[in-house]
Amino acid sequence: MHEIPSVKTYVAIWATLTILTFVTYSVAKIDMGGFNIVVAMGIAFFKMMLVILFFMNVKAESPLTKLFAGAGFFWLILLLGQFFLDYATRGWMPEGKMW
Amino acid sequence: MADSHGVVAEHAEHNPNLRHHFDTMAQQFDSATLGMWVFLLTEIMFFGGMFGAYTVYRSMYPEAFASTSKHMDAFWGGLNTAVLIVSSLTMALAVRAARLGQQKNLQILLVLTMIFGLAFLGVKAIEYHAHWVEHMVPYWNWDPNYDGQPQYAHNAQILFCFYFFMTGFHALHMIVGVSLMLVILMMARRGAFNAEYFTPVEISGLYWHFVDIVWIFLFPLLYLIGLHQHTT
Amino acid sequence: MSTAIQDPQTVERPNYLNAEYGWKSWLLTTDHKRIAILYLISITLMFFVGGIFAVLIRLELLTPQGDLVNSDTYNKFFSMHGIVMVFFFLVPSIPATLGNFLVPMMIGAKDLAFPRINLLSWYIYIVGAVFTLAAVVLGGVDTGWTFYTPFSSSYSNTFVITAASGVFVAGFSSILTGLNFIVTIHKMRAPGMTWGRLPLFVWANYATALIQVLGTPVVAITLALVGLERAFRIGIFDPAIGGDPILFQHMFWFYSHPAVYIMILPGMGVISELVTCFSRKSVFGYSFIAGSSIGIAIIGFLVWGHHMFVTGMSMYASLYFSLLSFLVAVPSAIKVFNWTATMFRGSIVYDTPMLYAFGFIGLFTIGGLTGLFLATLAVDVHVTDTYFVVAHFHYVMVGGMVMAYMGGLHFWWPKISGRLYPEGWAKFAALLVFAGFNLTFFPQFILGYLGQPRRYHAYAPEFQVLNVMSTAGASILGLGYLIPLIYFLWSMRHGPKATSNPWGAKGLEWETTSPPPTFNFDKTPIVTEEAYAYSHKQEVEVG
């Protein structure tokens, strides 16, 4: 199997995750308009990548595992993206001009 | 001639943990791990469906949504995030210990993981209780006046419903996770694992981390968006 | 015992059927072949339950007045027909029976990767089926198989939660089968069985498994939301209290459109096997057929909106979904062209499985091409919710999938049972099915185009002639399905014994005995040649 990461690595990842949790909490108090959600999701995504790559040790896994780990998020984006393809464009067509 | 007896004999000298239809321990380990990843794929889509529906309603009713975040206590949410991250650390270290064949460490780390998992559930229970007291539980205990903002009551109810659905579903996963830890712990105490065979620890670990990741997204989505409108 | 089967020189070899006896040895088995048989029995039962509702529907539609049953009962008939046939027959049909039986054998494995999960999936299926049948017995469901909100969540007075629970539970059975297939195909292949040598049936089941794993959870959560809404009146899907019913359709079709490919891809896999075997030729365009299966699985997730063109969805989303729906035609056409090219200059043998394959290719092509009509925005507005749609998806589901299922069942029956079925009767039944099918559903294209809406128990009198044709065809079709049931059961006792390779086919499943031993092979096979290497050996010894 693969090489085993040191305890130090795990603790460093944990510390980063905890700091990021604090950061995301603090940043959320600042009003940045539409960017609040972007920042929050960006930090969450980064945290997720840390967990996947190090705690779940996907970094050292086979390309197959990486593919399957990635596929879930790809399909999630398909789901959300195509939902919003409808919801985001519903108001674009002015009423009454359709026919 | 070479019938099922031959098959049995062929495996007799192998690791007793090797199931008959696998050729090698590595194949069995890889299959179990891949199986867990495929299972997590379905879990992503499971939560994804909820996230999708929730996001649609949030974008439809932004004001009603902002009004709900007032009732989410970001302190408890943040604390729970921290607790869960610690439990992920102990879980990762438990898998490491299993790999290295450190049986004692493995058991201690599993117990710690369970404790943090239960702590998470405890905090969640405190929060649910607070929602109940504030009449924020749709159907069972819902204030139709919605805190003096009856214009949002209908839509806020939908969002609260998703809040309970998603966090409840996540809590259910936590309960399953803690139970898994208990099973693994008993197996470990029985001496079921060694440096060659620790598949159940590995795949339970993957599951635990996944549940952590779901919360990493739930926390900002449910607790943090709209926080700035209430603090200033 | 009849004397014909007592072949003196073969003392019954140990095989998966005679390895153990007694009901326990079946209900607690982890042998993928026995689980396939359990599934075969269960889905056959469900097929006939769904079939009874089809008979009732066709009887009602014999006359325009709507005199046999009232409209409420009729609503339950078509709903139960759809729910049982889609979720309890079509979705598990080929993967859970033929796939379960053959996938490990075709890749040279002893079993699926997780035999106990495989058994669990059957039990989950049974629990789901019990829920659904309970809904039938208690008084039925009238929402249609699609459970559209807000009717299902707020207004219907029937057993929606019971039936939806059945579908919800059965979904997990489908997920577990898919999970098992994915891991098995990745990790359990015999030495030499590279991805480029995998039989196309395995490729098709792999693609199907991907859809099962990625799509099914979403429909499960959707139905759970419908249940919540129904129980607690929260307003998730009810526009009267702020919900969005179209969101239900998005979530439902995110699974249910790809599910259409769960229902057809394994059928395509079977046809690829049949066409090469009975043309005695290596398949034309192997990698294109294999790749198109994966292509269909992926594109299948990008087109669901074509079920929703008239719902009030954004026009821009409609444009996108319409455009991408046309794209599905490409991989589907690749398959049809490659099968045709495979047959070209082949030494075609007109055995029963091949007759079904011919039926499939013709009927699927009609079903697929009429799908393009429906993907066209303007045409869809005209024919939505008419019999045109009904005819279209029956051409794909019944004309495609059921044809392939029957073809595959005939093809692998000697392997499954160790016995041969009567060829004459089988050919006769295949022709009945083909004729009956077309007589049933072709008139429905015309009816729909003329404007007869679906899901009504009464219709305008001028449509009666075509409806009578349809009912007549359904009777022939029903007979065509009953005859195989009888001779398959007969052959298990009285059919002549099959050799290990009665068709002279290629593939690992034919290299082991019929029926195969418990762990499929006496020795793990080593694969040294490409799939379908028919041209290496022109003369074929037919046993």
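Filtering segment C:453-499 to residues that are assigned to a helix (DSSP H, G or I) and among the aromatic types (F, W, Y) leaves C:F463, C:Y481, C:Y487, C:F488, C:W490.
Look at segment C:315-326: where a residue is within 12 Å of chain A (Cβ to nearest Cβ) and a partner is exposed (fewer than 15 other Cβ atoms within 10 Å of the Cβ), sitting 6+ places away or on another chain with Cβ atoms under 7 Å, you get C:M315/A:M93; C:Y316/A:W92.
Step by step: first the residues of segment B:197-232, then only those that are among the β-branched types (V, I, T) and more than 8 Å from chain A (Cβ to nearest Cβ), then the one that is farthest from A:G33 (Cα to Cα). Which residue is that?
Our first condition is that a residue be among the β-branched types (V, I, T); within segment B:197-232, this holds for B:199, B:201, B:203, B:211, B:213-214, B:216, B:225, B:231-232.
Now restrict to residues that are more than 8 Å from chain A (Cβ to nearest Cβ): B:199, B:201, B:203, B:211, B:214.
Details: B:T199: 47, B:V201: 44, B:I203: 41, B:V211: 30, B:V214: 25 Å.
Of everything passing the filter in segment B:197-232, B:T199 is farthest from A:G33 (Cα to Cα).
Conditions tested, residue by residue: (1) surrounded by fewer than 21 Cβ atoms within 10 Å (Cβ to Cβ); (2) touching a residue at least 12 places away in the same chain (Cβ under 8 Å); (3) over 16 Å from the mean Cα position of the chain (by Cα).
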| position | (1), (2), (3) |
| --- | --- |
| B:I158 | no, yes, yes |
| B:G168 | yes, no, no |
| B:H173 | yes, yes, no |
| B:S179 | yes, no, no |
| B:A188 | no, yes, yes |
| B:P200 | yes, yes, yes |
| B:H209 | no, yes, no |
| B:L224 | no, yes, yes |
| B:L227 | no, yes, yes |
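Taken over segment B:56-94, residues that are within 7 Å of chain A (Cβ to nearest Cβ), over 20 Å from the mean Cα position of the chain (by Cα) and touching a residue at least 40 places away in the same chain (Cβ under 8 Å) amount to 0.
Can you pull out every residue in segment C:204-224 that is touching a residue at least 60 places away in the same chain (Cβ under 8 Å) and at the interface with chain B (Cβ under 7 Å from one of its Cβ atoms)? Before you say what the answer is, go through the steps one by one.
Looking only at segment C:204-224, we keep the residues that are touching a residue at least 60 places away in the same chain (Cβ under 8 Å), and these are C:204-212, C:214-215, C:223.
The one that is touching a residue at least 60 places away in the same chain (Cβ under 8 Å) and at the interface with chain B (Cβ under 7 Å from one of its Cβ atoms): C:L214.
Surrounded by 22 or more Cβ atoms within 10 Å (Cβ to Cβ) and either over 18 Å from C:G291 (Cβ atoms) or in contact (Cβ under 8 Å) with a residue 24 or more places away in the chain (or both): does that describe C:V183? The answer is yes for C:V183.
Which of the numbered conditions does C:T440 fail, given that it passes all the others? Conditions: (1) touching a Pro at 6+ places or on another chain (Cβ under 9 Å); (2) part of a helix (DSSP H, G or I); (3) crowded, with 20+ Cβ neighbours inside 10 Å. Of the numbered conditions (1) touching a Pro at 6+ places or on another chain (Cβ under 9 Å); (2) part of a helix (DSSP H, G or I); (3) crowded, with 20+ Cβ neighbours inside 10 Å, the odd one out for C:T440 is (1).
Among residues of segment A:8-19 that are facing another protein chain (nearest Cβ under 8 Å), those with a Cβ under 8 angstrom from a residue that is surrounded by 13 or more Cβ atoms within 10 Å (Cβ to Cβ) and of a type in the set (K, R), sequence gap 6+ or separate chain, pair up as A:Y10/B:R96; A:L17/A:K47. Looking at C:F254, is it touching an Asp or Glu at 6+ places or on another chain (Cβ under 8 Å), crowded, with 24+ Cβ neighbours inside 10 Å and within 11 Å of another protein chain (Cβ to nearest Cβ)? Criteria not met by C:F254. Annotation for segment C:497-512: no member residue is within 14 Å of chain B (Cβ to nearest Cβ), surrounded by fewer than 19 Cβ atoms within 10 Å (Cβ to Cβ) and polar (S, T, N, Q).
How many residues are assigned to a helix (DSSP H, G or I) and at the interface with chain B (Cβ under 9 Å from one of its Cβ atoms) when one looks only at segment A:21-38? Residues meeting the conditions: 7. Criterion applied to C:L431, C:L409 was being over 29 Å from C:L374 (Cβ atoms), of a type in the set (A, V, I, L, M), crowded, with 18+ Cβ neighbours inside 10 Å and touching a residue at least 40 places away in the same chain (Cβ under 8 Å), and the one residue passing it is C:L409.
Read the figures in this text as sums done on the coordinates, not as results from a lab. Model, not experiment: these values are computed from the prediction. Here Cβ is always computed from backbone atoms with ideal geometry, including for glycine, and neighbour counts include all displayed protein chains.
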